[in-house]
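Visitor: Can you read through this structure? Questions will come right after.
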Amino acid sequence: MKAAEDFISKMGYPKHTEVQIIPENGETPLFKQFFKFWRDTDQTKGMGQAYVPNKIAKIKKVPFDASSLHKSEAMAAQHGMVDDGKGEKK
């Protein structure tokens, strides 16, 4: 608060000039509108990234053949694949 009072007196502003204390990264859009190049820490440019790197689970890629599900009746039933697709199209 002392720094704000010193700034106000140095600039010659009236002593009744209002001072607001804002927490770091708590700036409102009304405040930011006065700064053309204001950037927040997590702000993207354009479309940006759809995810934050290193924050998504790493999934091991395993080769998968969907037709193999029909070979095991239990597996086909478990995944609701009771039709093997060999019927006639109407």
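The values are calculated or read from the model by the stated rules, or taken from the named source; none is laboratory data. Here the structure is a predicted model, which means the values were calculated and not measured.
Visitor: For region 44-88, give me each residue that is modelled with pLDDT of 75 or more and acidic (Asp, Glu).
Guide: Asp65, Glu73, Glu88
Visitor: Moving to a separate point now. Report, by residue number, each residue of region 10-43 that is at pLDDT 85 or above, in a loop (DSSP other than H, G, I, E, B) and among the aromatic types (Phe, Trp, Tyr).
Guide: Correct list: Tyr13, Phe34, Phe35.
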